[in-house]
1. So, in the stretch 184-240, of the ones that are of a type in the set (Gly, Ala, Ser) and within 33 Å of the chain's Cα centre (by Cα), which residue ends up farthest from VAL140 (Cα to Cα)?
2. Mind telling me which of the residues LEU249, LEU224 ends up being within 30 Å of LEU561 (Cα to Cα), among the aliphatic types (A, V, I, L, M) and touching a residue at least 24 places away in the same chain (Cβ under 8 Å)?
3. Take TYR326 and decide whether it is assigned to a helix (DSSP H, G or I), at pLDDT 85 or above and closer than 28 Å to ILE438 by Cβ.
4. Any idea how many residues of the stretch 518-533 are under 23 Å from the mean Cα position of the chain (by Cα) and either touching a residue at least 60 places away in the same chain (Cβ under 8 Å) or part of a strand (DSSP E or B) (or both)?
5. One residue is enough: does the stretch 418-430 have a residue meeting the conditions modelled with pLDDT of 95 or more, within 16 Å of ARG364 (Cβ to Cβ) and out of contact with any Lys or Arg (no Cβ under 6 Å at 6 or more places or on another chain)?
6. If we scan the stretch 111-126, do we find a residue that is closer than 30 Å to LEU540 by Cβ and surrounded by fewer than 14 Cβ atoms within 10 Å (Cβ to Cβ)?
7. Restricting attention to the stretch 542-568, and to residues there that are farther than 14 Å from ASP522 by Cβ and among the aliphatic types (A, V, I, L, M), which single residue is surrounded by the most Cβ atoms within 10 Å (Cβ to Cβ)?
Amino acid sequence: MFQIRRIYDEVLPVNKEALRQVRDIFRAQFKGAPRSDAKNIGEKLNNPFIQHFRSTIHVAETARRKVLGFAWVLHDPDLRFSFLDYLAAAQWLTGGGIGGALYEKVREEAFALGSLGLFYECLPDNPAECPDPELLKENVARLRFYEHYGARPVIHTKYEMPIKPEDTCMPYLVYDDLARREPLRRAFARKVVKAVLERKYPELCPPGYIKTVVRSFRDDPVRLREFTYVKPQKVQQRIIRKSRQKVALVVNDRHSFHHVHERGYVESPVRVRSILSKIVSSEMFDRIPPANFPDKHIREVHDPDFFAYLRRTCEEITENRSLYPYVFPIRNRMRPPKDRSVLAGYYCIDTFTPLNHTAYLAARRGVDCALSAARQVINGRILTYALVRPPGHHAERRSFGGFCYFNNAAIAAQYLRPYGNVAILDVDYHHGNGQQDIFYDSPDVLTVSLHGHPRIAYPYFTGFEDERGSGPGIGYNINFPLPERQDGDTYRKTLKKALRLINDFRPEFLIVALGLDTAKDDPTGSWTFSAKDFAENGKLIGSFKAPILVVQEGGYLTKTLGINVRKFFEGLVG
């Protein structure tokens, strides 16, 4: 058994190891290819300006991360075409469906990217052009395989023209229409050929050669070779759309411990149950049990004194009793209050977030879930979801509030920081003051929040547009305070701006603090998002081509929570 996953960069250790194996397969299977192609794989992934293509690698690998094969694809979003540069299975494999699975994945991705065609080169199957019988046999097998998808060589052009008189066995240009059943137009083909020859072979193809080859495409539409190995009626006429890699779902298995039985307290266990009821049957999710992580990860984000107070106080409060802050002393670090009940106000930002015997237990397990989801990302997952309560995005470095005790998203971001820059996109109705406070002076964690304007929405004292960071972090905190009335279409105009800023930052990881209190009739918000809006928002965020970790935050209208989460992930997965 194997799975296919896409590698976006060479930052994560799991990706580095996969690319090391890809290079080994490359050197074994493409002995005649330039050695620099294998050497520079990681650099080309990270830097699209090297060849002026966006490079992606798909690997077929076992559960133990043994790479069985790979496909290397180039994409030009402006000309709207994809080019399959290399596809190979490990030399020791014969059959097994590796090549077929990879090619189908490439077709699916090219189609999803809006490519009008998939192009690649294939050595000739004509004995007059390829006299080596063993190589000829391999070429026949490849062209027969591609014909099953309707892909055939372009004919009546000079694409196979030798660059030097002594050159032999020049490759065909093969075209796969991705089941669009549309002819290959001459103008489009000329642009594609020019781009391929200029960018892939700048040292081999002189300008005069490129000009001659491009002009040789005279037929409109461009002609393809007749079917040679497969009957046309046997061609696979459609793209088999498979979902992206499953979402790793990590659920707080201790959240129900924390249940405040008081009128009006909306942060209740039914929130998680209502979400699970709508997503457990979906094939999008792969449930992963949370692991145990040491306290040091919390202390890297939260003040040690605050952490110690929260843990000790919750342990000492008797069951079925809650401690609400009632005195809010000025936070003088030199003379903090001594009484535990007064200290609650020293560390809290509101009067409605209680401490009790179960608050620490549930919040601490939520941290384990967020870190477990982050670990899944490091291990190569593209999408993960930490379904936790209590939420966390209002917890600052040394304070709790807004139903939040520990900042799950910030702790996950800190865990991922050694592997590359991190962006946190907070789409809760309320400002993500916790991430802002924790990373306010950091240039390697970008914090972006779309929320109700603090003039009308909790927490009221942060989330203004001019809060941009401090010191080396200036410009790395971005707030979009929005009006009290906001529909989905208007909101998405701002979301697009936020995503452009995140893309400019080029993070290795995106953490989404997912609030569902933007839904119509949520008791804590004033916006009117429908299930369709959550799907559209997910689709926009899903266009971000890097690993995404979603951390559950607010959302208190339990009758729509589940369907809104499901729709969001359907949009995210695509």
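The values are calculated or read from the model by the stated rules, or taken from the named source; none is laboratory data. Since the model is a prediction, treat every value here as computed from it, not as a measurement. Cβ coordinates were reconstructed from backbone atoms using ideal geometry, including for glycine residues, and neighbour counts include every protein chain displayed.
1. Filtering the stretch 184-240 for residues of a type in the set (Gly, Ala, Ser) gives 187, 189, 195, 208, 216.
Narrowing the set further to residues that are within 33 Å of the chain's Cα centre (by Cα) leaves 189, 195.
Working: ALA189: 24, ALA195: 27 Å.
It comes out as ALA195.
2. Details: LEU224 fails: within 30 Å of LEU561 (Cα to Cα).
After ruling out the rest, the residue left standing is LEU249.
3. Numbers: assigned to a helix (DSSP H, G or I): no; at pLDDT 85 or above: yes; closer than 28 Å to ILE438 by Cβ: yes.
No, not satisfied.
4. Residues flagged as under 23 Å from the mean Cα position of the chain (by Cα) and either touching a residue at least 60 places away in the same chain (Cβ under 8 Å) or part of a strand (DSSP E or B) (or both) within the stretch 518-533 amount to 1.
5. Pass one, the stretch 418-430, residues modelled with pLDDT of 95 or more: 422-430.
With the extra rule that they be within 16 Å of ARG364 (Cβ to Cβ), the set shrinks to none.
No, the conditions are met nowhere in the stretch 418-430.
6. The first filter runs over the stretch 111-126 and keeps only residues closer than 30 Å to LEU540 by Cβ, leaving 111-119.
If we keep only those that are surrounded by fewer than 14 Cβ atoms within 10 Å (Cβ to Cβ) as well, we get 112, 114.
Scanning the stretch 111-126 turns up at least one residue that is closer than 30 Å to LEU540 by Cβ and surrounded by fewer than 14 Cβ atoms within 10 Å (Cβ to Cβ).
7. So, considering only residues that are farther than 14 Å from ASP522 by Cβ and among the aliphatic types (A, V, I, L, M), the one surrounded by the most Cβ atoms within 10 Å (Cβ to Cβ) is VAL551.
Quick grid of which residues meet (1) hydrophobic (A, V, I, L, M, F, W, C); (2) touching a residue at least 24 places away in the same chain (Cβ under 8 Å):
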| residue | (1), (2) |
| --- | --- |
| ARG398 | no, yes |
| ALA409 | yes, yes |
| PRO418 | no, no |
| ASN421 | no, yes |
| VAL427 | yes, yes |
| GLU465 | no, no |
| TYR476 | no, yes |
| LYS497 | no, no |
